[in-house]
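J.: Questions regarding the structure given below will be posed in turn.
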Amino acid sequence: MSREGSGVTVDEKHEVAIVLTRHHHRMMAAGIAFNDWEILRQEAPSSWRDWYRYWTRTGAGYDTLGTQAMDAGRAVTAAGHWVAGSLCYHFAQFMLYRSPDEKQEAAAARARLYAKAVPLLSPRAVRLEVPSGGLDVPVIFRTPTGASGPVPCVIIVPGLEATKEEMHNWECFYLDRGMATAALDGPGQGELAHVRIDPPTYVAAVSALVDVLVDDPRVDGAAIGIMGVSLGGMLASMAAAQEPRFAAAAEVCGSFDTMSRWGRANPLSKLGHQHVTHSRNEEETVERVRSWTMSGLAEKIRCPFLIVHGENDPIVPLDQGNMYRGQVPHAELVVMPGANHVCNNVPNIARPLVSDWFAEKLIRP
């Protein structure tokens, strides 16, 4: 099979090969079990249909295990299985641009399984719905175990085709260090994928979330940070430039200027941008992402700012991190040796580094 669009034919087998060779680190860092990935690799899918069937079947298996554990009174085990199943459904659809009906079905299953896990998670998690621009922005808010008063909170912003569920494995690093977390599906992501990503709308949603957090007695309103990965790195940076209440901000492998790397982007990345902007073709996509730049905004970031970039990032090249370093006042740049996009091949090093930095900036004696 192939897709025709904008005068370019893209081979489906090549698309699947891109995911198999470039995104396995991302999937396992998010929580996909190594054995599940190995079984998929041995099956060697050559079509999106094969890919989708494998991950939805695996997700359904975890859903069954979760139900069995819950029936046996093993709530912690049930939560773990439902989180695992949610991630399987997420990755079943995360680049399934060919089949919108199947993509929507798997996305609904992702949210359904994660919703079953949320009330069982430890440390504690609750779902918030934050009104912004006529939307109810879904947020998973978690607080560290044993907190005796208001604690700092870090807002976690997903990247392109990522969601709050995919950010689950980031949360523990902040929670373990005494900080709360608030992972969101912003406008254009996850449960709000029916609207297109538009940076001003996204920044407004983040500010609405800050409004909620500063009024929450569990949160130290003077110690709120924001962190984003990939496209979320740019969105978080845009929010930090325009929302003065952030006490610290960080971006991991985010774009500084989308058009400056567009010619180097792989076909799936371009299709991803087309999908989240609800564009009809590449030409319309380019027009919509032309304004996706930190130029003119970077110098407005006044809070402490951390840049973490993979040395060998093939999706958002290192020059984007250097642009942040050159234009954000007092920015700190950490280049992770040998790391790929979002440093997903070294999450055991990159994620503690980022969360330690936030702890130093946000936790007051």
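J.: Using a 7 Å offset from the Cα along the Cα-to-Cβ direction at both Thr145 and Ile18, what is the distance between the two label points in nm, to one decimal?
T.: Distance between the two pseudo-spin positions: 4.2 nm.
J.: Which loop GluC sites (Glu not before Pro) in the range 243-311, with loop taken from DSSP, have no more than 13 other Cβ atoms within 10 angstrom of their Cβ?
T.: Sparse-neighbourhood loop GluC sites (Glu not before Pro): Glu311.
J.: Something else: Leaving ligands, DNA and RNA out of it, work out the accessible area of Thr145 with a 1.4 Å probe and give it in Å² to the nearest 10.
T.: Near enough 110 Å² of accessible area.
J.: So, one more: Compute for the range 127-282: radius of gyration divided by Kirkwood radius, i.e. Rg/Rh, restricted to C-alpha atoms, rounded to two decimals.
T.: Over the Cα atoms of the range 127-282, Rg/Rh equals 0.98.
J.: Still on this structure, I have one more. Whenever you get a sec, line up Arg245, Arg57 from highest to lowest accessible area (probe 1.4 Å, protein heavy atoms).
T.: Largest accessible area first, the list is Arg57, Arg245.
J.: While we're here: When the Debye formula is applied to the Cα atoms of the range 136-220, each taken as the same point scatterer, what base-10 log of I(q)/I(0) results at q = 0.13, 0.14, 0.17 Å⁻¹?
T.: -0.41, -0.47, -0.67
J.: From a point 7 Å beyond the Cα of Asp211 in the direction of its Cβ, which residues of the range 237-267 have a backbone N at a distance under 15 Å?
T.: 243-245
J.: Also, I was wondering about something else. 7 Å from Cα along Cα→Cβ at both Arg245 and Cys172: what's the point-to-point distance in nm?
T.: Label-label distance for Arg245 and Cys172, simple model: 3.1 nm.
J.: For the range 37-93, go through all pairs of different Cα atoms, get the mean of 1/r, take its inverse, and jot down that Kirkwood value in Å.
T.: In the range 37-93 this quantity evaluates to 11.7 Å.
J.: Return the tail of the calculated pair distribution for the range 303-353, meaning the percent of Cα-Cα pairs more than 17 Å apart.
T.: 32 percent
J.: To the nearest 20 Debye, how big is the dipole of the chain about its Cα centre, given +1 on the beta carbon of each Lys and Arg and -1 on that of each Asp and Glu?
T.: For this selection, approximately 320 debye.
J.: Using a Förster distance of 30 angstrom, determine the FRET efficiency expected from the C-beta separation of Arg74 and Phe34, and round it to 0.05.
T.: 0.85
J.: For the chain, compute the number of Lys pairs whose alpha carbons are separated by less than 28 Å, excluding pairs fewer than 8 positions apart on the same chain.
T.: 10
J.: Let me ask something additional. With viscosity set to 1.567 mPa s and temperature to 4 °C, compute the Stokes-Einstein D of the range 269-365, Rh being the Kirkwood radius across alpha carbon pairs; µm²/s, no decimals.
T.: 84 µm²/s
J.: Right, next: Hey, in the GNM for the chain with a 10 angstrom Cα cutoff, which one of Val252, Val126, Val157 fluctuates hardest?
T.: Val126
J.: Next up: In what order, largest first, do Arg264, Arg351 sit by accessible area if the probe radius is 1.4 Å?
T.: Ranked list, largest accessible area first: Arg264, Arg351.
J.: Sticking with this structure for a sec: Considering only protein heavy atoms and a probe of 1.4 Å, how much of the accessible area of the chain is carbon and sulfur, as a whole percent?
T.: Its accessible area is 52 percent carbon and sulfur atoms.
J.: Using a ≥ b ≥ c from the Cα gyration tensor of the range 53-161 (square roots of the eigenvalues), is it rounded, prolate or oblate, where a/c under 1.5 gives rounded and otherwise the larger of a/b and b/c decides, a/b for prolate?
T.: Oblate shape, in that a/c is at least 1.5 and b/c is the bigger or equal ratio.
J.: For the pair Asp136 and Arg218, how long in nm is the line joining their label points, each one 7 Å along Cα→Cβ?
T.: Simple spin-label model gives 1.9 nm for this pair.
J.: How many Å² of accessible area per residue for the chain, probe 1.4 Å?
T.: Per residue, the chain has 39 Å² of solvent-accessible surface.
J.: Give me log10 I(q)/I(0) at q = 0.22 Å⁻¹ for the range 63-114, Debye formula, one equal scatterer per alpha-carbon, no solvent.
T.: Debye intensities relative to I(0), on a log10 scale: -0.70.
J.: Run the 1.4 Å probe and let me know the accessible area of Met28, rounded to the nearest 10 Å².
T.: Accessible surface of Met28 is approximately 60 Å².
J.: Something else about it: When all protein chains stay in place, what accessible area (Å², nearest 10, 1.4 Å probe) is found for Lys300?
T.: Approximately 110 Å² for this residue.
J.: PRE reach from Ile363 (point 7 Å along Cα→Cβ): which of the range 151-173 fall under 15 Å by backbone N?
T.: The answer is 151-154, 172-173, whose backbone nitrogens lie closer than 15 Å to the label point.
J.: Using alpha carbon centroids, what distance separates the range 56-76 and the range 261-308, in Å?
T.: Spelled out, the Cα-based centre of one part sits 38 Å from the other.
J.: If Asp185, Asp101 are ordered by their accessible area, calculated over protein heavy atoms with a 1.4 Å probe, which sequence runs from highest to lowest?
T.: Asp101, Asp185
J.: Now, a different point. Taking a quarter of the surface of the convex hull around the Cα atoms of the chain, what do you get in nm²?
T.: 17.2 nm²
J.: Okay, moving on. Based on the Cβ-Cβ distance of Glu105 and Glu43, what FRET efficiency does E = 1/(1 + (r/R0)^6) give at R0 = 30 Å, to the nearest 0.05?
T.: Here the calculated transfer efficiency is 0.90.
The values are calculated or read from the model by the stated rules, or taken from the named source; none is laboratory data. Please read these numbers as outputs of a predicted model, since none were measured by experiment. For neighbour counting, all protein chains shown are included, and Cβ atoms are generated from backbone atoms with ideal geometry for every residue, glycine included. Ligands, DNA and RNA are stripped out before the accessible areas are found, and what is left, the full protein with its side chains, is counted by its heavy atoms. Shrake-Rupley method; radii C 1.70, N 1.55, O 1.52, S 1.80 Å.
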